[in-house]
Amino acid sequence: MQEDPFEYMKKEEIPKEFYSDLENAPFCSCTFCNKDLLSGSELYMIEKSYKINPVNDKRNTIFEYAICASCSFRKMQAMSEESVQNIQAYMQEKFVIDDWDSSRKLHFERCVVTGKPVSELEEYNMIGQFIGNEMIIGQFPVVMSPSIGEELQELLSQQTKDEFDDFMSTINNVPPELKELFKSKRPVLV
Ligand SMILES: [Zn+2]
């Protein structure tokens, strides 16, 4: 029998919040390299950015993507040492997760950095970690205020920023208007 290194992790079905709007189903491939995710055994992350319409309280997706572990790793390697250290220090200091084992409902209720209830946010990013067709419960999922992405962005060296821009330009299956949006609204994970 094949050993599953993630066997002992708490997992559950992928919640609809993390479905791809484009597919109206779970993400089936990595946005960056098109690798199959659902039947694979590689970890991947999904980030979705939502904006609430104040008129009707409807939630609209600003951007969404899935990134496989290999692409994340390539990204990390491209970052300068200074940027990696800055970001790690920031995460250690700012990320407040009271109960790592708590239900995902709790994870979805507050910004992981500011503690603000999601219901008070007009815009937020959701990040989750997945394997195959399941979500892993632990450090993720988290909800973040968009200002966190901006703060993280400030911690990056110019060199790293340029590399991110190169990386973002490799996204091929997002609409051009989203690519344009990425220039001002930076995703947290890439
Ligand atoms: Zn990939």
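The values are calculated or read from the model by the stated rules, or taken from the named source; none is laboratory data. All values derive from a computational prediction rather than experimental measurement. Cβ: placed from backbone, ideal geometry, glycine included. Neighbour counts: every protein chain shown.
Odds and ends about this structure:
- In region 9-33, the qualifying residues are those that are within 14 Å of the ligand (Cβ to nearest atom) and at pLDDT below 90, and the one that is farthest from the chain's Cα centre (by Cα) is Cys33.
- Unmet requirement for Glu82, which otherwise passes all of (1) modelled with pLDDT of 90 or more; (2) acidic (Asp, Glu); (3) part of a helix (DSSP H, G or I): (1)
- Test: residue in region 35-45 that is surrounded by fewer than 16 Cβ atoms within 10 Å (Cβ to Cβ), free of Cβ contacts under 8 Å to residues at least 12 places away in the same chain and within 16 Å of the ligand (Cβ to nearest atom): yes
- Members of region 63-79 that are crowded, with 16+ Cβ neighbours inside 10 Å and either within 20 Å of Asn24 (Cα to Cα) or within 16 Å of the ligand (Cβ to nearest atom) (or both): Phe63, Glu64, Tyr65, Ala66, Ile67, Cys68, Ala69, Cys71, Ser72, Lys75
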